[in-house]
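What follows is one structure encoded as structure tokens, with my remarks underneath.
The values are calculated or read from the model by the stated rules, or taken from the named source; none is laboratory data. Computed from a predicted model, the values in this text were never measured in an experiment. Using ideal geometry, Cβ is built from the backbone for each residue, glycine included, and neighbour counts are taken over all protein chains shown. Just so you know, the surface numbers come from the protein's heavy atoms only, side chains and all, with ligands and any DNA or RNA stripped out. Shrake-Rupley method; radii C 1.70, N 1.55, O 1.52, S 1.80 Å.
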Amino acid sequence: MTRHASDPLAAQMTAWRHHLHAIPETAFEEFKTSDYVAGLLAGFGLEVERGIGGTGVVGTLHRGGSRTIGLRAELDALDIEEVRDLPYRSVHPGKMHACGHDGHMAMLLGAARHLSASDIFRGTVRFIFQPAEENEGGGLRMIEDGLFDRLPVDAVYGLHNWPGIDVGRLAVRSGPIMAASDMFEITVTGQGTHAGMPHMGSDAIVAASALVAALQTIPSRRIQPAEPNVVSVTQIHGGNTWNGIPADVVLRGTVRSFDPGVRDGIEAAMTRISAGISQTYGVAVDVEYDRRYPATVNHPEAARSVAKLAACVFGPGNVVEDALPSMGAEDFSYMLQKRPGCFVWLGAGPASDGHVLHNERYDFNDGLLPLGARFWTRLVETELPRGRP
Ligand SMILES: [Zn+2]
Ligand SMILES: [Zn+2]
């Protein structure tokens, strides 16, 4: 496999990517997408299992041996309206591949196609295409549906294209690489009153404002400063007129952390501070705290061996081995809780002019397809023993 644009596999991956880009589907509704992926995998001669965790698809390539590795890509897109008039733009209004999952699928399909014609390794490779990565935890659904019991793997790997890292570079790190992500909703209920007579009620807006400020003392005053964490209030809803104080205000937001103890500490502090605000301002404060994706934690040995392999594929100067972790979240975390492995970022170029994930102008860089497919191929050839079956 070469990196040259005239490479027939590169041209094929580009065509697959453009087809997938045009038919974006969201959480557990990836019907056309999973049909397309399953059809290609079957065409390469792989065993194909469908309907794991909803729309999940797994293609298995057997080449004797005893070791099995899993490589994961995502089927889902986002509820974003695409604004660019690309020749392969989304034909599904309000849906868009703005995270590059179209590219992840195409490069994993390219690797499957290449490896299906190769007999230089011994072992089994499972190409895992999961639904609903963005919000709904499709990775967890696949595991709960028996993914690793029905189709066992000894190790599992994931890759994401990453704006902000130059094309031709790869970043990895041992330990946490992406954060745990939680959501909260806090309802502050006071007593509505005339705005000119605030003493006749309990002001939910003043109490909620104090609460927003007090929540910022969790990262700055409650958590060990060397432990990364974020508490962000992202919504405030309350009131609908100039001269009346509303009875209630709703705050929503997200919490990010790496360490499970820090996660516990933030939730406990949020509950305690809310109770204090309730007492101080004479309002009721109800906290709903919803734990979502856990932190994505790379296994040290896997991270080390992937970094070594990436140095061969991309050149020693093009591998970042101690990348700063991201406070974004990723549901590949559930797979890494079950099996050793690691998650890597493939450079996608400068993160400027809206070239960032989840932007309504984002379009996966087709130049990455041969790089990603080559990385997957070499990973299989390195992690599985060499030799003919
Ligand atoms: Zn995303
Ligand atoms: Zn993504």
Q) Do any residues in the stretch 349-365 that are surrounded by fewer than 17 Cβ atoms within 10 Å (Cβ to Cβ) have Cβ atoms under 8 Å from those of residues that are assigned to a loop (DSSP other than H, G, I, E, B) and of a type in the set (F, W, Y), where the two are at least six apart or on different chains, and which pairs are they? A) G354/Y362; H355/Y362; V356/Y362
Q | Sole exception among (1) open to solvent by 10 Å² or more (accessible area, probe 1.4 Å); (2) away from ligand 2 (no atom under 16 Å from the Cβ); (3) not small (G, A, S) for L115, by number | A | (1)
Q: Return the residue satisfying two criteria in turn: it lies in the stretch 138-157 and is in contact with a helix residue (DSSP H, G or I) (Cβ under 7 Å, 6 or more places away or on another chain) and within 16 Å of ligand 2 (Cβ to nearest atom), and of such residues it is most open to solvent (accessible area, probe 1.4 Å).
A: L140
Q) So how many residues does the stretch 128-155 have that are at positive phi and basic (K, R)? A) 0
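Restricting attention to the stretch 63-96, and to residues there that are within 30 Å of E381 (Cα to Cα) and assigned to a loop (DSSP other than H, G, I, E, B), which single residue is nearest to ligand 1 (Cβ to nearest atom)?
Initially, the stretch 63-96 is screened for residues within 30 Å of E381 (Cα to Cα), giving 63-76.
Okay, now just the ones that are also assigned to a loop (DSSP other than H, G, I, E, B), so 64-67, 75-76.
Working: G64: 37, G65: 34, S66: 35, R67: 31, L75: 12, D76: 9 Å.
Of everything passing the filter in the stretch 63-96, D76 is nearest to ligand 1 (Cβ to nearest atom).
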Q | Where a residue in the stretch 245-268 is touching a residue at least 12 places away in the same chain (Cβ under 8 Å) and its partner, wherever it lies, is acidic (D, E) and surrounded by fewer than 21 Cβ atoms within 10 Å (Cβ to Cβ), with Cβ under 8 Å and at least six apart | A | V250/E185; L251/E185; R252/E185; V255/E267; S257/E227; F258/E227; D259/E227; V262/E227
**Q.** Odd one out for S352 among (1) more than 16 Å from ligand 1 (Cβ to nearest atom); (2) at pLDDT 95 or above; (3) in a loop (DSSP other than H, G, I, E, B)
**A.** (2)
Q. Counting just the residues of the stretch 239-253 that are over 18 Å from A180 (Cα atoms) and outside any loop (DSSP other than H, G, I, E, B), which one comes out most open to solvent (accessible area, probe 1.4 Å)?
A. D248
Q | Qualifying residue in the stretch 371-378 (condition: within 16 Å of ligand 2 (Cβ to nearest atom), under 28 Å from P24 (Cβ atoms), open to solvent by 20 Å² or more (accessible area, probe 1.4 Å) and in contact with a His (Cβ under 9 Å, 6 or more places away or on another chain)) | A | no
Q: Answer with yes or no whether I236 is touching a Leu at 6+ places or on another chain (Cβ under 7 Å) and open to solvent by 50 Å² or more (accessible area, probe 1.4 Å).
A: yes
Q) Does S181 meet the test of being crowded, with 22+ Cβ neighbours inside 10 Å, within 30 Å of D331 (Cα to Cα), in contact (Cβ under 8 Å) with a residue 12 or more places away in the chain and hydroxyl-bearing (S, T, Y)? A) yes
